[in-house]
1. Which one is modelled with the lowest pLDDT among residues in segment 28-80 that are charged (D, E, K, R) and over 24 Å from the mean Cα position of the chain (by Cα)?
2. Any residue at all in segment 210-231 that's modelled with pLDDT of 95 or more and within 30 Å of Phe76 (Cα to Cα)?
3. Name the residue that is surrounded by the most Cβ atoms within 10 Å (Cβ to Cβ), counting only residues in segment 116-142 that are more than 30 Å from Lys186 (Cα to Cα) and in contact with a Ser or Thr (Cβ under 9 Å, 6 or more places away or on another chain).
4. Considering segment 363-401 alone, what residues qualify as being charged (D, E, K, R) and in a helix (DSSP H, G or I)?
5. Only residues that are touching a Gly at 6+ places or on another chain (Cβ under 9 Å) and farther than 19 Å from Cys415 by Cβ: list them for segment 328-359, please.
6. State whether the residues of segment 97-110 include one that is part of a helix (DSSP H, G or I) and either in the same structural domain as Leu361 (by the TED database) or in contact with an Asp or Glu (Cβ under 8 Å, 6 or more places away or on another chain) (or both).
7. With Gly132, Gly128, Gly140 as the choices, which residue is at positive phi and outside the structural domain of Thr340 (by the TED database)?
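The values are calculated or read from the model by the stated rules, or taken from the named source; none is laboratory data. None of these values were measured; they are calculated from a predicted model. Cβ placement follows ideal geometry from the backbone for every residue including glycine, while neighbour counts extend to all protein chains displayed.
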Amino acid sequence: MGEGSASSPLQSTREEEKSLLPHPDDLRAIYTPVLAWTNRNVLAFGLIIRIALFGYGVLHDALLEVPYTDVDYFVFSDAAAKVHEGKSPFERKTYRYSPFLAWMLLPNETVGKWWGKALFVIFDMLVGKLVGVFLEAQAGLTKRDSALLLSLWMLNPIVVNVSTRGNAEALICFFVVAAISCLYAKRGTAAGVFLGIATHLKVYPIIYAPVFLFYLAEGGVEFSLLTLSVAKVWRLGVGVMKSKQAWLFAIGFALSFSICTYASYSMYGDEYMEEALLYHAKRTDHKHNFSVYFHLFYLLADTDLGALVSKMCFAPQFLITAAIGFATFKSPALAMFGQTLVFVAFNKVYTVQYFCWYFCLLPLAAAEARLSRRHVAVMMLAGGVSLVLWLAGAYQIEFKSLPYFDMVTAASALCLLSQCYIAAVFLRHRKME
């Protein structure tokens, strides 16, 4: 047939089918926004993972003997049941938290036992949202870099596991990150209120208060303990006293902490003071945990020497965290990350939930540091090796009842050294204005 002849019906049909298929450029236009590294996508993916694990946890607990739910959640839930019955949450043995936590879980008795877990997952997501907003406001940070840093919280398997198993750490992390966000916005009162609530829920955020005060005072000169002088301390103190925002922070902190604490005491009296506050000052744990002190307390359990050592353990914690605060308060998020790493590393008890305390600050600190790929690789190697060694030893103790205490003690010491190294790298390579 000639070139100008009409095409066959079969040929026409194929051409029509071909025209119905989307063009590759159209596909890229559809999928690129979905697959791109953006804060929105990281938050969405993180939410999907949490919903999936939340649902899995419900099925797991219903079908299997060993629960997915963490033992702490059963303590929270039982305490809420006591409150529902008109009793004190502290009647539940080992409940050593703010009574407001038990009150927040009251719907466990009416809506369902899953309520508290859902609440913690919501706060987990709110932490991610606050971190994302903070990162987006950082000058010089690309959308991709912002999303990658956000993923350190949102896609962190430890964080996801902790919240979906029913631990309340995301609640404390929310108030800490909210306080930081207000600090950078120079909203002293709000920063104080949020940090005061965080300190009521868990005492450790009190270590951040000097950083907040010094940063809000402006004009203060950072110094290390090696360059400590009366003149520098005096100048910093005068700056705090003259700063309106520092005063507003102090007032906000004092009001929120005292109101929450007084309300708790007025409801539950000395029982609250003993279980929720004083207990944590004298607490030790001779069961294996990440703390470098655990084996020592195991050997000195129920002795006067053990009690003395327990008190002495506070000295390195507070000296080093104070030193970091004085030396780096002009980079608050990075200073707080370093303080938390060291505080947790030197703590008398160190469980996996405590990882969340510094993981929520990690994206913020990374945005204030100039880290090379080599730095990141070495830090990941140091932290990863110590963690793997500890888990290997703990497995032998927990599941095989084998005496691997020396291995776990050595791994705990390596954990401490690796965390101090990570803190030092961050602090040394912070961005200076």
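1. Narrowing segment 28-80 to residues charged (D, E, K, R): 28, 40, 50, 61, 65, 70, 72, 78.
Among the residues that remain, those that are also over 24 Å from the mean Cα position of the chain (by Cα) are: 28, 61, 65, 78.
Details: Arg28: 53, Asp61: 93, Glu65: 89, Asp78: 97.
For segment 28-80, the residue satisfying everything is Arg28.
2. No, because not a single residue in segment 210-231 is modelled with pLDDT of 95 or more and within 30 Å of Phe76 (Cα to Cα).
3. We begin by selecting, within segment 116-142, every residue more than 30 Å from Lys186 (Cα to Cα); these are 116-118.
With the extra rule that they be in contact with a Ser or Thr (Cβ under 9 Å, 6 or more places away or on another chain), the set shrinks to 116-117.
Working: Gly116: 24, Lys117: 28.
Among residues in segment 116-142 that are more than 30 Å from Lys186 (Cα to Cα) and in contact with a Ser or Thr (Cβ under 9 Å, 6 or more places away or on another chain), the one surrounded by the most Cβ atoms within 10 Å (Cβ to Cβ) is Lys117.
4. Quick first cut of segment 363-401, residues charged (D, E, K, R) only: 368, 370, 373-374, 398, 400.
Hits for segment 363-401 are Arg373, Arg374, Glu398, Lys400.
5. Within segment 328-359, Thr328, Phe329, Lys330, Ala335, Met336 qualify.
6. no
7. Gly140
Here is a yes/no grid of residues against (1) surrounded by fewer than 18 Cβ atoms within 10 Å (Cβ to Cβ); (2) modelled with pLDDT under 90; (3) touching a Cys at 6+ places or on another chain (Cβ under 6 Å); (4) under 22 Å from Ala190 (Cα atoms):
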residue	(1), (2), (3), (4)
Trp234	yes, yes, no, no
Lys244	yes, no, no, yes
Leu255	yes, no, no, yes
Thr261	no, no, no, yes
